[in-house]
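Just below is one structure, and these are the notes that go with it.
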Amino acid sequence: MDRKKFLRQSLMAGGVALLGAGVLYAANNKAIITAEEITEFVFAAHSDLEKTKSIADKKPLILNCTNQFSRGDFETALGGACHMGRKDIADMLIQRGARMDLFNLTFMGHTDLVKKMIESYPQYLNAPGPHGFTFLHHAKVGKHTDFASWLQDKGLTTDRFKDAFSE
């Protein structure tokens, strides 16, 4: 085969491969969960176990999606269940594979892990959770009074940083 023919065939094959990859990418990159569905799921997880289950049954990948409630105020369904004190909803979400953060761990009573993180990274003590709710709020809602006292001894005295997301 001469050099020109080889180059032409190589370029054609490469172009076809790129086109095919682009088509496959576009076909597999569809938004399978809309922003509206995420908002509905996160809001349901604040108070409605059956609706939360129903949505998770239909769209299992929604578990770890995050809703932006306001500018910079992100919240998962698990986060909503936890700061509202809905252990039943939180347990269901965790059993299905929802990922936990430090605020969820506080609410669920895994305070030894949270304590280690705060001791290692003291700036976390004043980290705002969803809607500005603090570790102290999550400890109180989860009825972890010893941990709430520990947080207060460390200097955390508010349940919510009201201006956490106002810019």
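Every read-out reported here was derived from the displayed coordinates using simple, explicitly stated rules and does not represent laboratory data. Here the structure is a predicted model, which is why all the values come from computation and not from measurement. No Cβ is skipped: glycine too gets one built from the backbone with ideal geometry, and neighbour counts run over all protein chains shown.
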For D146 and D48, what is the calculated FRET efficiency with R₀ set at 30 Å and r taken between the beta-carbons, to the nearest 0.05?
0.45
Once you treat every alpha carbon in the range 24-99 as an equal point and sum by Debye, what is log10 I(q)/I(0) at q = 0.15, 0.26, 0.27 Å⁻¹?
-0.47, -1.20, -1.27
Label point distance in nm, K162-H110, each placed 7 Å from Cα along Cα→Cβ:
3.3
Kirkwood calc, the range 76-115, C-alpha pairs only, radius in angstrom 9.8
Spelling it out for R160: with amide H atoms placed in the peptide plane at 1.01 Å from N, the residues 5 or more places away or on another chain with amide H under 5 Å from its amide H are T134
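Find the percent of Cα-Cα distances in the range 101-167 that exceed 17 Å, and round it to a whole number. Mind showing how you got there, number by number?
Values: 673 of 2211 pairs.
Tail of the P(r) past 17 Å holds 30 percent of the pairs.
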In nm, to one decimal, how far is the M117 label point from the R71 one, both placed 7 Å along Cα→Cβ?
2.7
Extended-chain gain in nm, criterion 0.36 nm per residue less alpha-carbon gap, D101 and A35
21.6 nm
